[in-house]
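Student: Once you've had a glance at the structure underneath, I'll fire off some questions.
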C-alpha cells in the first residue's frame, strides 16, 4: 500500500490521475484511493493536500500583489516600525 505522500507525488506527476481526481466527491475519493493502493481515507488525503498548499499562491495571484511594507532601520541599524530622522 502507498502512503498518502507517495500517492500525492504520483498524482502530481500524472495528468490522467489529476483528471480522474478533479471532480471526485468524498465517496468517490474513498474508492479512488483504494483502487490506486493508497492507505489513506478521504479525510486524511484532503488534510494532506491542504497542508501541502498552505502558504502558497499560484503565479496569477502572485502577479496581483503590489509592493509591500517598507522596513525602516534606526541609526544603530536596529529594525524600527517607524521612520525617524537620523
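Student: Gain in length, residue 36 to residue 10, computed as 0.36 nm per residue apart minus the alpha-carbon separation, to one decimal in nm? Show your work: numbers first, answer last.
Tutor: On the way: separation 26, 0.36 × 26 = 9.36 nm, distance 1.01 nm.
Residue separation times 0.36 nm, minus the Cα-Cα distance, leaves 8.4 nm.
Student: Let me ask something else. I'd like the FRET efficiency for residue 50 and residue 25, computed as 1/(1 + (r/R0)^6) with the beta carbon distance as r and R0 of 22 Å, rounded to 0.05. If you can, show how the numbers build up before the last one.
Tutor: Working: r = 17 Å, r/R0 = 0.77.
The computed FRET efficiency comes out at 0.85.
Student: While we're looking at this one, here's another question. Write down the radius of gyration of the stretch 1-57 and its Dmax, each obtained from C-alpha positions, in Å.
Tutor: When restricted to Cα atoms, the stretch 1-57 yields Rg and Dmax of 10.7, 31 Å.
No value in this document is a laboratory result; all are computed from the given coordinates. Computed from a predicted model, the values in this text were never measured in an experiment. So basically every Cβ, Gly included, is an ideal-geometry build from the backbone, and we count neighbours across all protein chains shown.
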